[in-house]
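Colleague: I am attaching a structure below and will ask some questions about it afterwards.
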Amino acid sequence: MRVFLIGFTFLFSLPLLGQDIIVRITGDTLHVRVESTNESFVYYKSADTKRGSVDVISRKEVAEILYRFEDPSAELRRISDRAVRTYELLQFSLSFSGYYMPNASIPDGEFKEYYEELEWGIGLNAGVNYFFNQQLGVGFLYSRARFKNSVPVTLINTGVNGNLSDDLNLHYGGAGLAARFALGNSDSHFILGAGAGMTFYNNDAEIVYAYNLKATGIGFHVDGNLNLSLGGGLYMTFKAAYMGNTVGDFTLKTQAGTPNEIKEVLEASIQGSDNLSITRFSLSAGLLFGF
């Protein structure tokens, strides 16, 4: 009866166990998950198995195989789950970017070159993609773009010297859909994303006297990402993006002592336009990790 109970308990526990043990003729053991066997070889996966591959051992080296002998390790379970899933569930990316923000209202004159240079900026992009299957998922994007320029100027009426400068920071956060397309049989792939989000505009600027201008706006983005596999879920990523946005609801703050005529010019420029276009294009390069 005692032997029966022990045997019954052992048989009952078998479905709860998932990791196999290969006992080698040398006496050491391999804690694995056996994929298949034949007369010559045993094929298995372990915590050290590279993604997309299977390890192999000769039958001549194997003394015994103990199937479903113990609970699988967390690492082996992760590898097995990923093999069953056949696609990366989550992706994280970070890339550095160059931006172009066209300004169709640049006036001809002395400061045309200044505003043309201000159309170009730098920044970064960070993103997270979550996929429901091999092709379709959702993406979350954060983008920061900075446009900066400065030149010395003199106020004609007063003769006061200073700078004409802009230090514009655009922060964008958005969410949308992501579609993944495989490139042949490799892990490299292309992702097309599109969505909507919010832009936060902040400009620390000067017309001899400093002022700060803030605004917000709802916009959208479209991006294409080429992800070239480096192995192990790591990719070199190249991104081209378009962000179509306008901002409004301006808040102006001027420094103490700013002459009234400069305040009036700034306030008139804000009141003369309900929205300011900050549509921009970007090219980015960085790294992406998926698992």
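The values are calculated or read from the model by the stated rules, or taken from the named source; none is laboratory data. Just so you know, these numbers come straight off a predicted model, no measurement behind them. We place every Cβ from the backbone using ideal geometry, glycine too, and count neighbours over all the protein chains shown.
Colleague: Please specify each residue of the range 234-261 satisfying the condition of being touching a helix residue (DSSP H, G or I) at 6+ places or on another chain (Cβ under 9 Å) and outside any strand (DSSP E or B).
Modeller: THR258
Colleague: Mind checking which residues of the range 275-291 are farther than 18 Å from LYS214 by Cβ and either of a type in the set (Gly, Ala, Ser) or free of Cβ contacts under 8 Å to residues at least 40 places away in the same chain (or both)?
Modeller: SER282, SER284, ALA285, GLY286, GLY290, listed by residue number.
Colleague: Mind checking whether some residue in the range 85-104 is surrounded by 12 or more Cβ atoms within 10 Å (Cβ to Cβ), farther than 16 Å from ARG146 by Cβ and among the basic types (Lys, Arg)?
Modeller: Yes.
Colleague: Within the range 163-176, can one find any residue that is acidic (Asp, Glu), in contact (Cβ under 8 Å) with a residue 12 or more places away in the chain and either under 30 Å from THR49 (Cβ atoms) or in contact with a Ser or Thr (Cβ under 7 Å, 6 or more places away or on another chain) (or both)?
Modeller: So far as the range 163-176 goes, no, none of its residues is acidic (Asp, Glu), in contact (Cβ under 8 Å) with a residue 12 or more places away in the chain and either under 30 Å from THR49 (Cβ atoms) or in contact with a Ser or Thr (Cβ under 7 Å, 6 or more places away or on another chain) (or both).
Colleague: Write out, first by first residue and then by second, each pair whose Cβ atoms fall under 6 Å of each other, whose residues are 6+ apart or on separate chains, and whose first residue, in the range 250-274, is on the phi > 0 side of the Ramachandran plot and assigned by TED's automatic domain parsing to the domain that holds GLY162 while the second is at pLDDT 85 or above and surrounded by 13 or more Cβ atoms within 10 Å (Cβ to Cβ).
Modeller: none
Colleague: Among ALA210, ALA175, ALA179, which is closer than 30 Å to ASN161 by Cα and among the aliphatic types (A, V, I, L, M)?
Modeller: Sole residue among the options that is closer than 30 Å to ASN161 by Cα and among the aliphatic types (A, V, I, L, M): ALA210.
Colleague: Ok, one more. Sort out which residues of the range 125-150 are in a strand (DSSP E or B) and out of contact with any Asp or Glu (no Cβ under 9 Å at 6 or more places or on another chain), and write them in order of number.
Modeller: Residues satisfying the conditions are ALA126, VAL128, TYR130, LEU136, GLY137, VAL138, PHE140, TYR142, SER143, ARG144, ALA145.
Colleague: Which residue pairs have Cβ atoms under 6 Å apart, sit 6 or more places apart or on different chains, and have a first residue in the range 41-68 that is outside the structural domain of GLY231 (by TED's automatic domain parsing) and assigned to a loop (DSSP other than H, G, I, E, B) and a second that is among the hydrophobic types (A, V, I, L, M, F, W, C) and surrounded by 15 or more Cβ atoms within 10 Å (Cβ to Cβ)?
Modeller: What qualifies is SER46/VAL32; ALA47/LEU76.
Colleague: When you look at PHE190, is it surrounded by fewer than 16 Cβ atoms within 10 Å (Cβ to Cβ), assigned by TED's automatic domain parsing to the domain that holds TYR99 and part of a strand (DSSP E or B), yes or no?
Modeller: yes
Colleague: Looking at the structure I just gave you, is ALA74 closer than 30 Å to SER188 by Cβ, surrounded by 10 or more Cβ atoms within 10 Å (Cβ to Cβ) and at pLDDT below 80?
Modeller: Considered against the rule, which asks whether it is closer than 30 Å to SER188 by Cβ, surrounded by 10 or more Cβ atoms within 10 Å (Cβ to Cβ) and at pLDDT below 80, ALA74 comes out as no.
Colleague: Here are GLU110, GLU116: which of them is charged (D, E, K, R) and loosely packed, with under 12 Cβ neighbours inside 10 Å?
Modeller: Result: GLU110 is the single residue among GLU110, GLU116 that is charged (D, E, K, R) and loosely packed, with under 12 Cβ neighbours inside 10 Å.
Colleague: When you go through SER13, SER46, SER53 one by one, which is the residue that is among the small types (Gly, Ala, Ser), at pLDDT 80 or above and loosely packed, with under 12 Cβ neighbours inside 10 Å?
Modeller: SER53
Conditions (1) within 15 Å of ALA241 (Cα to Cα); (2) in contact with a helix residue (DSSP H, G or I) (Cβ under 8 Å, 6 or more places away or on another chain); (3) modelled with pLDDT of 95 or more; (4) among the polar types (S, T, N, Q), marked per residue:
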| residue | (1), (2), (3), (4) |
| --- | --- |
| PHE131 | no, no, yes, no |
| LEU136 | no, no, yes, no |
| GLY139 | yes, no, yes, no |
| LYS148 | no, no, yes, no |
| ILE156 | no, no, no, no |
| VAL160 | no, no, no, no |
| TYR172 | yes, no, yes, no |
| ALA178 | yes, no, yes, no |
| ALA182 | no, no, no, no |
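Colleague: Go through (1) of a type in the set (Phe, Trp, Tyr); (2) over 15 Å from the mean Cα position of the chain (by Cα); (3) surrounded by 14 or more Cβ atoms within 10 Å (Cβ to Cβ) one by one and return the number of the condition PHE181 breaks.
Modeller: Only one criterion is unmet by PHE181, namely (3).
Colleague: Here's another thing I want to ask about it. How many residues does the range 238-274 contain that are under 30 Å from the mean Cα position of the chain (by Cα) and aliphatic (A, V, I, L, M)?
Modeller: 4
Colleague: Among the numbered criteria (1) at pLDDT 90 or above; (2) more than 30 Å from VAL160 (Cα to Cα), which single criterion is violated by ALA205?
Modeller: So the condition that ALA205 fails would be (2).
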